[in-house]
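Accompanying notes for the structure given below.
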Amino acid sequence: MKNRYYASIRKKILISMILVPVVPFILCLGLGYHYFTTSLETSTIASLKRIVSDHRQMIESFLTERTNDLEFILHATPFADLKRPETLLRVFNNLQARSGAFLDLGVFDADGRHVAYHGPYELKSKDYGGEAWFQRTMTEGIYISDIFLGYRRVPHFIIAVSTEENGRRWAIRATIDTHYFTKLVEMVRIGKTGEAYLLNADGVLQTRQRSGRELMQQPLDQVAYPDAPSSIRTYLARDATGERFLYATTWLKDKGWLLVIRQEKADAFRSLNAAVYGIVLISIIGLGAIVAVAFYVTGRIVHKMKAMDTEKESLNQQLIRAQRLAELGEMAAGFAHEINNPLQIIRSEQALMDLNFGELKEAGMLAPSETLEEIDDAMAQIKLQVERCAGITQAILKFGRQNEPKLQNVDLRSFIPQITGMVAKKASVNGIEIVQDIAESTPPIHGDPGQLQQVLLNLLNNAMDAVMQLHGPAGGSITIGAAPFNGGQARIMVGDNGCGIESENMKKIFSPFFTTKPVGKGTGLGLSVCYGIIHAMGGSMAVDSMPNCGSTFSIVLPPAAS
Amino acid sequence: MEQMKMMLVDDEERFLATTQKLLQKKGYDVLVAAGGKEALEILEKKIIHVVVLDVKMPGMDGLQTLKEIKTRFPLVEVIMLTGHATVESAVDGLKSGATDYLMKPTGLEELIQKAEEAFEKWRRMEEKIRLATSKKYMKSPREILREAK
């Protein structure tokens, strides 16, 4: 029952102690995470866009420059000149000096015949008149092809330009080294997994993909096209391997090629992952700390509560005991008062019998005999026992009808030695040593000096009886001490090394009529009277004892009134 | 020398009877009354020097009886007999004019001793009164003349 109560309190405190800090903690982390990731994503995407835009510009300018190179040749060298192999060689060498991207150079007449060629393939005299690229070159003036196989059965692309000379169109064509071009396009390096490639309008690879796809294949990526010709589209998608990638795509100007840059998402957002790990770590440590502190503090609180409840319980029990003692005292007093009347009569009757016997004896009517002596003895015994009863009733009345204490301030430092002095003689006769241990800092107390004297004398007498019972005429020791106690109170201790109190008697020690002394030696009221006196003064009294080791009575008295 | 006349007042008949017998055997002149009313009636009729009065009695209790005695017969010495061991009831009695108090159960010797002391007090008071009265009669002639005017 009690334990269930503590368990439920413990649960409630724990829950509130954990929830209250955890909720804002989690909210803080969550909010921080959200804004951080958003801003990081934005900046990552922005930087990707910038890279895409720069790269596009570079590729575009490469293509433009190569086209310009060819246009320059076309306009600087007449058709008849360029047809000659040595001129073509010189021009080609000049061209290669400008850019290593040129693989070969060919000259075509208006019908598409390959009239001159310099390069690694045997393409001279081939007829290109029906080829789409030639026709477009002738009509549009400039043509840049997609990658194709052509006669040489090797993937390549060409730049062709045409011009009109003396009424006849002619054209030159150069092949661009796909390795060179691929390197140029690939040159983009972002993170570990970043790569760039070009697609033509049909979605066919125009440059090699570093991650494995070759020229003229279809990439394994899902490619999303930008909405407007010069805009950049960014998106997240899985490729065929299932890896998530961040993509950016844009169209090259004047050419139906799509520049694609992609990077593994994990790579692109690596710093984001670092932040996530940090947040997870902080959460674990923070939550752990909160839970640990909650458990520790709750444990402390529940422990404190238990201690306080126990203290309350024992105070309650003390109160109940004091109340019971008071009731008992009232009852005993009434009883004693009623007993006194019959005692008075017995006493008078006994006196009358005594007197009458005396007269009879004097008159010689009773001869001395054993019987007469017995009667005399019996009479004396009646008188003695009535006296004893009187002693008991008077003690009871003292206990039950306690005088209102006349309270005044008492300085224990001088008061206790006076009382010790009263029993010093009796103690020294019985070989008992009395030790005084009175702290100089003992504060004055509020009490009735007369009654306090009665209590201390009672305790000292009990202590002397106890040590004499255990040690006989030598070896006894009694300590009487005083010291400051909680909140200005003072505590008096009377300890002895006597016979002690059996544990089964500890509970009854302050009850009236409880005594361990032989019949006729004690009324069993001394300690209960002491208890009543100390309580009436607003103090408290307790005992601690070990059989055959000794007992210590402690009295706590309230502080002096100012 | 005048003989002490005592009266015992208590509601315990047996106590009255036995104590009266005992005191008579010791040579004292003792009357008894079983209650406050009866005691006052006896005081009206007879001369009593010392009253031993029980505090707790049915009807008119000891303290009431004491006050009545002290107003009507101020010279009578009263000893309170109390079953209470407390000083308070005795103090109340002393404040109301009792000479002394005894605690039950009391011995015969104790009773006689206190009674003798009370009687001694009564006698001293009586002496003073007699002296004062005789002085009144032995006035100077001038005074008598003045009074005659």
Q: Tell me, please, whether a residue that is free of Cβ contacts under 8 Å to residues at least 40 places away in the same chain, within 27 Å of A:Gly119 (Cβ to Cβ), outside any strand (DSSP E or B) and open to solvent by 70 Å² or more (accessible area, probe 1.4 Å) can be found in segment A:189-196.
A: no
- Message: So for segment A:380-387 (the condition being away from chain B (no Cβ under 14 Å), open to solvent by 60 Å² or more (accessible area, probe 1.4 Å) and either under 30 Å from A:Phe335 (Cβ atoms) or in a loop (DSSP other than H, G, I, E, B) (or both)), does at least one residue qualify?
- Response: yes
Here the qualifying pairs (Cβ atoms under 7 Å; residues six or more apart or on different chains; first in segment B:96-118 and away from chain A (no Cβ under 14 Å) and β-branched (Val, Ile, Thr); second open to solvent by 30 Å² or more (accessible area, probe 1.4 Å) and in a helix (DSSP H, G or I)) come out as B:Thr99/B:Lys121
Every listed condition ((1) surrounded by 16 or more Cβ atoms within 10 Å (Cβ to Cβ); (2) farther than 30 Å from A:Met537 by Cα; (3) not assigned by TED's automatic domain parsing to the domain that holds A:Ser540) holds for A:Asn430 save (3)
Exception for A:Leu384 within (1) modelled with pLDDT of 85 or more; (2) touching a strand residue (DSSP E or B) at 6+ places or on another chain (Cβ under 8 Å) falls at (2)
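Here's the yes/no breakdown for (1) in a helix (DSSP H, G or I); (2) out of contact with any Ser or Thr (no Cβ under 9 Å at 6 or more places or on another chain); (3) not aromatic (Phe, Trp, Tyr):
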{"position": "A:Arg4", "(1), (2), (3)": "yes, yes, yes"}
{"position": "A:Ala7", "(1), (2), (3)": "yes, yes, yes"}
{"position": "A:Leu14", "(1), (2), (3)": "yes, no, yes"}
{"position": "A:Gly30", "(1), (2), (3)": "yes, yes, yes"}
{"position": "A:Phe36", "(1), (2), (3)": "yes, yes, no"}
{"position": "A:Glu41", "(1), (2), (3)": "yes, yes, yes"}
{"position": "A:Ser47", "(1), (2), (3)": "yes, yes, yes"}
{"position": "A:Val52", "(1), (2), (3)": "yes, no, yes"}
Taking first residues from segment A:366-395 that are more than 17 Å from A:Leu525 (Cα to Cα) and second residues anywhere that are assigned to a loop (DSSP other than H, G, I, E, B) and open to solvent by 50 Å² or more (accessible area, probe 1.4 Å), the pairs with Cβ under 6 Å that are 6 or more apart or on different chains are A:Leu372/A:Leu366
Over segment A:309-339, the set of residues farther than 30 Å from B:Lys21 by Cα, among the aliphatic types (A, V, I, L, M) and either away from chain B (no Cβ under 14 Å) or open to solvent by 30 Å² or more (accessible area, probe 1.4 Å) (or both) is A:Leu315, A:Leu319, A:Ile320, A:Ala322, A:Leu325, A:Ala326, A:Leu328, A:Met331
Picked from segment A:340-357 (must be facing chain B (nearest Cβ under 9 Å), farther than 14 Å from B:Glu109 by Cα and hydrophobic (A, V, I, L, M, F, W, C)), the residue nearest to the chain's Cα centre (by Cα) is A:Leu343
Review point. Is segment B:68-79 home to any residue that is closer than 21 Å to B:Ala17 by Cβ and open to solvent by 40 Å² or more (accessible area, probe 1.4 Å)?
Key: no
Residue hits (segment B:1-44; within 14 Å of another protein chain (Cβ to nearest Cβ), of a type in the set (A, V, I, L, M, F, W, C), in contact with an Asp or Glu (Cβ under 8 Å, 6 or more places away or on another chain) and assigned to a helix (DSSP H, G or I)) are B:Leu16
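The values are calculated or read from the model by the stated rules, or taken from the named source; none is laboratory data. This is a predicted model, so every value here is computed, not measured. A quick note on method: Cβ atoms are made from the backbone with ideal geometry, for glycine too, and the neighbour counts reach across all protein chains shown. In case anyone asks, the SASA skips ligands and DNA or RNA and just uses the protein heavy atoms, side chains included. Shrake-Rupley method; radii C 1.70, N 1.55, O 1.52, S 1.80 Å.
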